[in-house]
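Each remark here refers to the structure printed beneath this line.
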Amino acid sequence: MEPTSLAVVSAPVVTEGIKFFYGQAGELLKKRRERSEKKDESQAVLPAPPADVFEGEVEQTPADFEVVEKFKDELPALWSALGPYAQGIGVVEASNTALLETTDSLRKIIEAVHGQRMTLKGEPRPESRPVVLGQVEIDDVAGEVTAVLARTVRSGQVSGTVKAKTVRQGGKVVGVQADDIG
């Protein structure tokens, strides 16, 4: 496993990040259960993050429950593992690589669910911002294939990739097609 970029972040910032990711994971698990029981179909919206914890801007976006379903087994395990640290019982130390890897794994799921990067202060990775990624892999294109078709993306990063083995005559492959991204 490659080392996580969280190892260079101060313990207080990692602790606040854990609390944020833990809280959001708990909310997603609760909403998932309520949705499966048909008790609540409302969205889980990412709360405003604590001040001075993230680089860049973390936007309050709704959760994508199709993505939550993909991680239905990992999410409870990661949430449970971080509980002692989120509750102030466990002590965050940079030498605890298992804790940092668990935190990074939960963060990556939360990022996927909310469609944005979440970088902690002092972390050597691109800053927090919404990310729209479209990827299509297809054998044969006879019509039109577009990875990202967007109308008005006001901030963040947009990337579209299409891999096609064969594009037939009259076929069209587009990575990103957009009206007014910036």
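The values are calculated or read from the model by the stated rules, or taken from the named source; none is laboratory data. The shown structure was predicted, so the numbers you read here are calculated from the model rather than taken from an experiment. Cβ placement follows ideal geometry from the backbone for every residue including glycine, while neighbour counts extend to all protein chains displayed. Quick note on the areas: whole protein, heavy atoms, side chains included, nothing else; ligands and nucleic acids left out. Shrake-Rupley method; radii C 1.70, N 1.55, O 1.52, S 1.80 Å.
Spin-label pair Ser5-Lys165: with each label point 7 Å from Cα along the Cα-Cβ axis, the two points sit 3.6 nm from one another. If you take the alpha carbon atoms of the stretch 48-126 and fit the smallest convex hull around them, that volume is 108 Å³ per residue. Take the Cβ atoms of Lys39 and Gln60, set R0 to 35 Å, and the FRET efficiency comes out at 0.90. Each 5 Å bin from zero up to the one holding the largest Cα-Cα distance in the stretch 1-69 carries the following percent of pairs: 3, 14, 21, 20, 16, 13, 7, 4, 1. Once the 1.4 Å probe is applied to the protein heavy atoms, the stretch 37-133 comes out at 54 Å² accessible per residue. Simple spin-label estimate for Ala98 and Val173 gives 4.5 nm between the two label positions (7 Å along the Cα-to-Cβ direction from each Cα).
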